[in-house]
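Asks: Let me begin by handing over the structure; questions about it come next.
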Amino acid sequence: MKENLIFIGMPAVGKSTVGIVVAKRLGKRFIDTDLLIQEQEKKLLREIIAEVGDDGFLKIENQVNRDVKAENSVISPGGSVIYCEEAMKHYKEIGTVVYLKASYQTIRRRIRNPQKRGVVLREGQTLKDLYNERVPYFEKYADITVCEDGCRIEETIENVLNAVRKYNKNAQKTRKKPGWKRPRPKK
């Protein structure tokens, strides 16, 4: 059973809001990696992006997330972390990745103005384009998917807790099967 939970998903799905409450309910520490990036760079995210561009920001985001040392924590990285291969490999090794899924319509309703929300869109890219681009990555990395369409925040939190319990229970059953051996870590 991996003791860390890592939340991924589009902006406005509640990675931080849900993450904080889930961390408290499970007696875990909460880590917001956007705050770690801002602390390291001593600038706001939008200032970093304005200074180094999207690619430069992704390099910083990859490095900060890849270097997160966490035990018994709930980690909320920024939505673009899924583009950071090293960071996602690290997260898959140290925890269970939970995809907070919401339909485009739900995201659009929550994000009225993407620029004010701090959503980085490339020249000519729409929020719908970004959504369509990211969903396959979220699905690729997710160990657990929790759909929050039509749910209040309290329901999403309960759904996450139930899904994590079920996932951990199934993981324990798998480990107890006769002939099963713990895989050796890759070097």
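Asks: Which FRET efficiency value, to the nearest 0.05, do you get for residue 170 and residue 71 by plugging their Cβ-Cβ distance into 1/(1 + (r/R0)^6) with R0 = 22 Å? Can you show the working numbers first?
Replies: Values: r = 22 Å, r/R0 = 1.02.
Given R0 = 22 Å and the Cβ-Cβ separation, E is 0.45.
Asks: Something else about it: What does the extension gain come out to for residue 115 and residue 47, with contour length at 0.36 nm per residue minus their alpha carbon separation?
Replies: Once the chain is fully extended between residue 115 and residue 47, it gains 23.2 nm.
Asks: Kindly flag which residue pairs out of 15/69; 28/169; 59/101; 28/166; 69/173 have an alpha-carbon separation exceeding 22 Å in this structure.
Replies: In this structure, 59/101; 69/173 lie more than 22 Å apart at Cα.
Asks: What are the extents of the Cα atoms of the chain along their three principal axes, in Å, largest first?
Replies: 55, 40, 29
Asks: In addition: Can you check what the net charge comes to around residue 138, using other residues whose Cβ is under 14 Å from the Cβ of residue 138 (Lys, Arg +1; Asp, Glu -1)?
Replies: Net charge in that neighbourhood comes out at +1.
Asks: So how do 103-113, 10-20, 80-90 stack up, highest first, on mean other-Cβ count within 10 Å?
Replies: 10-20, 80-90, 103-113
Asks: Right, something else. Farthest toward the dipole's positive end in the chain, which of 159, 9, 56, given Cβ charges of +1 (Lys, Arg) and -1 (Asp, Glu) about the Cα centre?
Replies: 159
Asks: Would you mind ranking 42, 28 by Cβ crowding within 10 Å, fewest neighbours first? Intermediate results must be reported in sequence, preceding the final value.
Replies: Details: 42 8, 28 19.
Fewest-to-most ranking of 42, 28: 42, 28.
Asks: Rg and Dmax of the range 63-163, using alpha carbons, in Å: what are they?
Replies: My reading of the Cα-based Rg and Dmax gives 14.4, 41 Å.
Asks: Tell me the label-point distance for the pair residue 122, residue 161, using the 7 Å Cα-to-Cβ offset, in nm and rounded to one decimal.
Replies: 4.1 nm
Asks: Where does the charge balance sit around residue 155 when Lys and Arg score +1, Asp and Glu -1, over other residues with C-beta under 11 Å from its C-beta?
Replies: Result for the local shell: -3.
Asks: Given 33, 80, 174, which one lies farthest toward the positive end of the charge dipole of the chain, if we put +1 on the Cβ of every Lys and Arg and -1 on the Cβ of every Asp and Glu?
Replies: Going by the charge dipole, the pick is 174.
Just so you know, all these numbers are worked out from the coordinates, no wet-lab data involved. Computed from a predicted structure; not experimentally measured. Here the Cβ is made from the backbone with ideal geometry for all residues, glycine too, and neighbour counts use every protein chain on show.
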